[in-house]
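Comments concern the structure below.
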Amino acid sequence: MKLAVGSDKSGFALKERLREHLVARGLEVVDLGTTDPENFIPYFKVAARVALAVQRGEVDRAVLCCGTGQGMALVANKFKGVYACCVESVYAAGRASIINQANVLTIGGWIVAPEAGVEMVDEWLRRRFGEGFPEDRQQFLANAFAEVQRVEAENFSE
């Protein structure tokens, strides 16, 4: 699996810890900035850069970190085919995969401690769409995701 990571200045420390952890797990990680906290890139530029890499299929998934995670999620979700969830707990991170098929996870460096962030990313990567739900609920989730994609197709141009 190939992952992109990105942050602004506020999410830099968290992004660095997550990047180190993902590399130690043997995953291919592409750091799309900020790579120097003294020369930071604003959240809206990093999120767009990372979301475009996801949209183009250059990476499978991505993790974005800013102060709250919210700004990164707002920008990333402007790209067709990018499904970013802002999370603040391990439970929510798992549900981002199980329920929402999130291919981007956003986390706030002002809110989430680095080791909690590691647990959140691991849970998000470990879980699969529909996991743990009975067949009828899995079908509901699949239909709901198809509806999200329909709404997306109506509102986004290529």
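Take the conditions (1) surrounded by fewer than 22 Cβ atoms within 10 Å (Cβ to Cβ); (2) of a type outside the set (Val, Ile, Thr); (3) outside any helix (DSSP H, G or I); Ala102 misses just one of them, which is (1). Going through the stretch 116-158 one residue at a time, which ones are loosely packed, with under 12 Cβ neighbours inside 10 Å and in contact with a helix residue (DSSP H, G or I) (Cβ under 8 Å, 6 or more places away or on another chain)? The answer is Arg126, Arg128, Gly132.
Taken together, the residues in the stretch 117-138 that are assigned to a loop (DSSP other than H, G, I, E, B) and charged (D, E, K, R) amount to 3. Note on the stretch 35-69: residues that are free of Cβ contacts under 8 Å to residues at least 40 places away in the same chain and within 11 Å of the chain's Cα centre (by Cα) amount to 0. Flag not set for Phe145, criterion: modelled with pLDDT of 95 or more, of a type outside the set (Val, Ile, Thr) and farther than 21 Å from Lys78 by Cα. Note on the stretch 1-10: residues that are in contact with a strand residue (DSSP E or B) (Cβ under 8 Å, 6 or more places away or on another chain) and either without any contact (Cβ under 8 Å) to a residue 40 or more places away in the chain or closer than 20 Å to Lys78 by Cα (or both) amount to 6.
The values are calculated or read from the model by the stated rules, or taken from the named source; none is laboratory data. Keep in mind the model is a prediction, meaning the values are calculated, not measured. Note that each Cβ is placed from the backbone with ideal geometry, even for glycine, and that neighbours are counted across all protein chains shown.
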